[in-house]
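> Take a look at the following structure, please.
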There are 4 protein chains.
Amino acid sequence: MTAPIRVTIWNEYRHERHSEVVAKVYPEGIHGTLANALGKEEGYSVRTATLDEPEHGLTQEVLDNTDVLIWWGHMAHGEVRDEIVDRVQKRVLAGMGLVALHSAHYSKIFRRLLGTECDLKWREADDHERLWVIAHGHPITEGIGDYIELEHEEMYGEPFGIPEPETLVFVSWFSGGEVFRSGCCYTRGQGRIFYFRPGHETIPTYHNPEIQRVISNSVRWAAPTAAVKKSLVIGNTQPLEK
Amino acid sequence: MTAPIRVTIWNEYRHERHSEVVAKVYPEGIHGTLANALGKEEGYSVRTATLDEPEHGLTQEVLDNTDVLIWWGHMAHGEVRDEIVDRVQKRVLAGMGLVALHSAHYSKIFRRLLGTECDLKWREADDHERLWVIAHGHPITEGIGDYIELEHEEMYGEPFGIPEPETLVFVSWFSGGEVFRSGCCYTRGQGRIFYFRPGHETIPTYHNPEIQRVISNSVRWAAPTAAVKKSLVIGNTQPLEK
Amino acid sequence: MTAPIRVTIWNEYRHERHSEVVAKVYPEGIHGTLANALGKEEGYSVRTATLDEPEHGLTQEVLDNTDVLIWWGHMAHGEVRDEIVDRVQKRVLAGMGLVALHSAHYSKIFRRLLGTECDLKWREADDHERLWVIAHGHPITEGIGDYIELEHEEMYGEPFGIPEPETLVFVSWFSGGEVFRSGCCYTRGQGRIFYFRPGHETIPTYHNPEIQRVISNSVRWAAPTAAVKKSLVIGNTQPLEK
Amino acid sequence: MTAPIRVTIWNEYRHERHSEVVAKVYPEGIHGTLANALGKEEGYSVRTATLDEPEHGLTQEVLDNTDVLIWWGHMAHGEVRDEIVDRVQKRVLAGMGLVALHSAHYSKIFRRLLGTECDLKWREADDHERLWVIAHGHPITEGIGDYIELEHEEMYGEPFGIPEPETLVFVSWFSGGEVFRSGCCYTRGQGRIFYFRPGHETIPTYHNPEIQRVISNSVRWAAPTAAVKKSLVIGNTQPLEK
């Protein structure tokens, strides 16, 4: 297993180009910040893709060479073309990992894979967030203590319209009085999905080393193992017994 | 809870009209057979709907007055219009139960709600099927003993491309050597979903009293409880703490 | 289903007899308060049992005639005799429901059924608690809005050393900065288990109508259905095929 | 992660010493056969332990230096001392993996960790078994195709009295007409548990390379990750907020 994990970081990349506030926080784009963070570690081969590239940067060739896809989107979910969503869904079912960040809860691909609306409460204010580790011992929590503290973040609150997570890794506490299931694991087909809540575009959350650590851990967790099969035996079959 | 459960039985209703073999087994259509079966019991108000009716018989008004939707489809999944699938999905998330029968594993609505392809093995031959109860004590198994025996059925075999069921109620044994997760429970939003495997169109499975019993049980299980809320508090919200 | 649900409310009943503070809050004991609350509703037949009765009030005859057992214990978990714990476990596996309240997280019977230590953080102070509904539509949430507010409660915080709940119904927010999985559903054998967090002995939580409502709902949810079988076919068996 | 996984293979080791039939199949004991199999692969440091050694070979020192414990027992479950079961349980909750083989379904440690009786059907005859992979892509299935074929095995049949597995990896088909959940994953505390069905003492199942492969895979899967914490922050705690 010495081959690097091939990560594609997909970002809508609109806020950063249209808002000075956001551009100051993420001058290279959210994808750029995350690429730098993962790039510092060994064992990753990182590329990025954005909405306004041809095929949103997610050609079949790119996806075929992606082990884990990270997704950040917010204001333009509706502009993601359905055939690209189909393509990404197929790759996840075939074993590619997906890490959906923050407002990606409303992305077409996340809702497609979960089967629900993925609604929630939200508030842009000066909330303080504390992400409590629920699943101690889970690989996504490696290097994280009892909780992660974020001085300022957008609030997301329950009810979060998702199916029951297979593993609930984090639950957030917000100073405004809400809670949220902030780290959620799913399996779909041969692929693994991790939803991770923090990361509003106006706040430097993705510069936080602990948040970077969780994202890095989740990429390793979501990467396809050697057990993933190129194809499964399905369809019309002959009996094995007389 | 004396109000009857309002059941809508949806059937593609093509095989019965195009094949004499099927018409002999289900002269009133699969929906007719199931409607008669449920109609004999107290506590149900049953109607039917079919693919070739306007809006596939699933107008907003019909769905708004449906507690549990039973779905049978096979040869014409692709003809079900996407806006009707959207409508059904919304109703399930809002609390309507869905019982997906046999080849409905490949229906648009079932795949939409599960997020996967729902592939499987199959064989039309003279297989013998035995459905073992896995979840004894579960309401869907009321009145069913250790297993249900079906002398002839189409074979469905693993791998079945579904997310891990929340409760696995039945597993089938087939004489040809295969196994299958034949009874699977899910929750999506406020709605409950039950997949039940048996029921090939050329075989009188839906005349079998034990199969009818399971379907009847699953309708009761999937019916929305008094806990279902008309709307949830989501979206932009004010803090509860200062 | 017109037969009433037979509820046995078990209480350690030591704090109320040894502390004036507690006795003022629960002059009839916690079990008495809960019995009064359930007794006001239709459909329950309620009795109580306490630690210092012979066999802790849980004779085989009592358990055989109990559909749902509610459990409150705190300072004397170790005094509960193992053979009584064995007896209760057997009844749960055979279909009796169990509702474990507050400090019952550390009771022998709860740990026995879950297989873990059920550790947690705690603090007796002046914390404010807000229990958010996570599983809207679940029968245990009937009549409960977006959340339940408790002005004063003991704090319980994550990590809570339990297996992943089958359904997570409530998550608590505490003013001191913690979160907790406050409503957790499990199935063990044919029996259903609900853990519900609130209810420190010095605080009038069990007089709160919403808390009473959740407990009442959970009793209905945990009650054995008509599907529960007196015995299962296990052990040495003959083949069904040649 | 170059440190080897420290595996302790525990075997009751009675059948092999008391029955010539079994001794011929496993002349070095079941533990010896498994130790040889794992020993051929890189990355494991293997030791064995048996019932009749002092402390059943499971001293605190041995357990403290065990990453994954494999368990085979059958005729003498009752002789395993409760304080050793306590010790093993604590280590699993603290992160040690446990692989329970075949008749270990009835071992004290397995039942302790699951909370149920773990009953099942069985038959010693000339059954043929086929283990179907349910969870393709799961690390435990690496190197395994659509199914594993075992010409002769003891039959185990449903109902299997276990909590719903977190991941169902294998389901067995038996020629006598039964099915069984043969590969089941659980998490308890920080530890991972895998139950794997095959391996009757009179049959050379543990010499089968595919069965050895599954056991080897499951050891890797169950091994504690670097995320496992030596201790968790529990007990009485100060508030984080004013």
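The values are calculated or read from the model by the stated rules, or taken from the named source; none is laboratory data. These numbers were taken from a predicted model, which means no experiment stands behind them. All Cβ positions, even for glycine, are placed from backbone atoms using ideal geometry, and neighbour counts span all protein chains on display. The protein model used for the area step is the full one, side chains on, heavy atoms only, and it has no ligands, DNA or RNA in it. Shrake-Rupley method; radii C 1.70, N 1.55, O 1.52, S 1.80 Å.
> Any idea of the accessible area per residue across the stretch D:17-129, 1.4 Å probe, to the nearest Å²?
Solvent-accessible surface per residue comes out at 40 Å².
> For the stretch A:103-120, state which residues have at least 50 Å² less accessible area in the presence of all protein chains than in their chain by itself, taking the probe as 1.4 Å and leaving out ligands, DNA and RNA.
Buried on complex formation: A:G115, A:E117.
> In a Gaussian network model over chain D where Cα atoms closer than 10 Å are linked, find which of D:M155, D:M75, D:M96 has the largest mean-square fluctuation.
Comparing D:M155, D:M75, D:M96 in a Gaussian network model of chain D, the most mobile one is D:M75.
> Net charge around A:V7, counting only other residues with Cβ within less than 12 Å of its Cβ (Lys, Arg = +1; Asp, Glu = -1)?
So the environment of A:V7 carries a net charge of +1.
> A further question on this structure: Averaging sequence separations of C-alpha pairs under 8 Å and six or more residues apart, then dividing by the length of chain C, give the relative contact order as a whole percent.
In percent, rounded to a whole number, it is 21.
> When Lys and Arg each count +1 and Asp and Glu each count -1, what net charge do the other residues less than 15 Å away from B:M75, Cβ to Cβ, add up to?
Taking every other residue near B:M75 into account, the sum is -4.
> Additional query: In the stretch B:218-242, what residues drop by 50 Å² or more of accessible area when the other protein chains are put back, versus the chain on its own? Use 1.4 Å, and skip ligands and nucleic acids.
Relative to the lone chain, where solvent access is computed with a 1.4 Å probe, the stretch B:218-242 loses at least 50 Å² at B:A227, B:K229, B:V233, B:I234, B:N236, B:T237, B:L240, B:E241.
> At a Förster distance of 45 Å, what's the computed FRET efficiency of B:E53 paired with A:N65, Cβ-Cβ distance as r, to 0.05?
Once the sixth-power term is evaluated, E becomes 0.45.
> What's the minimum Cβ distance from chain B to the axis relating it to A, in whole Å, and which residue gives it?
For chain B, the closest residue to the axis carrying it onto A is B:G115, 2.
> For chain B, set up a Gaussian network in which alpha carbons nearer than 10 Å are linked by springs, and say which option among B:G176, B:G29, B:G191 fluctuates the most.
B:G176
> Name the most mobile residue of B:E79, B:E16, B:E154, meaning the one with the largest mean-square fluctuation, in a Gaussian network model of chain B with Cα contacts below 10 Å.
In this elastic network of chain B, the residue with the biggest mean-square fluctuation among B:E79, B:E16, B:E154 is B:E79.
> Moving to a separate point now. With +1 assigned to the C-beta of every Lys and Arg and -1 to the C-beta of every Asp and Glu, and no other charges, what is the dipole magnitude of the stretch D:68-131 about the Cα centre in debye, to the nearest 20?
340 debye
> Report, as an integer, the average count of C-beta atoms from other chains found within 10 Å of each Cβ along C:89-97.
Across the residues of C:89-97, the mean count of other-chain Cβ atoms within 10 Å is 2.
> If one computes the Cα centroid of the stretch C:140-157 and of the stretch D:82-156, what distance in Å separates the two points?
40 Å
> Sort the stretch D:54-156 into rounded, prolate or oblate with this rule: let a ≥ b ≥ c be the square roots of the eigenvalues of the Cα gyration tensor; rounded if a/c is under 1.5, and if a/c is not under 1.5, prolate when a/b is larger than b/c, oblate otherwise.
Cα axes put the stretch D:54-156 in the oblate bin.
> Which positions within the stretch A:154-168 get 20 Å² or more of their accessible surface covered by the other protein chains, compared to the chain by itself, with a 1.4 angstrom probe?
By number: A:E158, A:P159, A:P163, A:E164, A:E166, A:L168.
> Round to a whole number: what % of the accessible area of the protein assembly as shown belongs to carbon and sulfur, probe 1.4 Å?
50 percent
> Need one number for chain B: average projected area of the convex hull over its C-alpha atoms, nm².
Seen from a random direction, the Cα hull of chain B projects 14.8 nm² on average.
> Now, a different point. Roughly speaking, what is the centre-to-centre gap between the stretch D:1-46 and the stretch A:179-210 when only Cα atoms are used, to the nearest Å?
After rounding, the separation between the Cα centres reads 42 Å.
> Would you mind counting up the charge near C:A223? Only other residues with Cβ under 12 Å from its Cβ, with Lys and Arg at +1 and Asp and Glu at -1.
Neighbour charge sum, excluding C:A223 itself: +2.
> Counting only other chains, and only Cβ atoms inside 10 Å, what mean value do you get across the residues of C:126-132?
For peptide C:126-132, the averaged partner shielding equals 3.
> Quick one: dipole size for chain B, taken about the Cα centre, charges +1 on Lys/Arg Cβ and -1 on Asp/Glu Cβ, in debye to the nearest 20.
1040 debye
> From the residues C:V133, C:L93, C:A104, which one has its Cα farthest along the dipole of the stretch C:79-134 in the positive direction, the dipole being from +1 and -1 charges on Cβ of Lys/Arg and Asp/Glu about the Cα centre?
C:L93
> Could you tell me the total accessible area buried at the A-B interface, probe 1.4 Å, in square angstrom to the nearest hundred?
2500 Å²
> Let me make sure I get this right: for the stretch D:109-149, a, b and c are the square roots of the gyration tensor eigenvalues over alpha carbons, sorted descending. Under 1.5 in a/c it's rounded, otherwise prolate if a/b > b/c, else oblate. Which is it?
Note, shape of the stretch D:109-149 comes out oblate.
> Student exercise: in chain A, how many lysine pairs 8 or more apart or on different chains have Cα atoms under 29 Å apart?
So the count works out to 10.
> Right, something else. Could you check the simple spin-label distance between B:D86 and D:E28, using points 7 Å along Cα→Cβ, in nm with one decimal?
If labels sit at B:D86 and D:E28, their model points lie 6.6 nm apart.
> Taking a ≥ b ≥ c as the square roots of the eigenvalues of the Cα gyration tensor of the protein assembly as shown, is the shape rounded (a/c under 1.5), prolate (a/b larger than b/c) or oblate?
Rounded, since a/c falls under 1.5.
> What translational diffusion coefficient, in µm²/s and rounded to a whole number, does the Stokes-Einstein relation yield for the stretch B:128-242 at 37 °C and a viscosity of 0.692 mPa s, taking the hydrodynamic radius as the Kirkwood radius over Cα pairs?
Approximately 205 µm²/s, per Stokes-Einstein.
> Computed over the Cα atoms of the stretch A:183-242, what is the convex hull's projected area averaged over all directions, in nm²?
For the Cα atoms of the stretch A:183-242, the hull's average projected area reads 6.6 nm².
> Let me cross-check C:W132: its accessible surface, 1.4 Å probe, with only protein heavy atoms counted, in Å² to the nearest 10?
About 0 Å², ignoring ligands and nucleic acids.
> Run the dipole for the protein assembly as shown about the Cα centre, Lys and Arg Cβ at +1, Asp and Glu Cβ at -1, nothing else charged, and hand back the magnitude in debye, nearest 20.
Using Cβ point charges on Lys, Arg, Asp and Glu, the protein assembly as shown gives about 0 debye.
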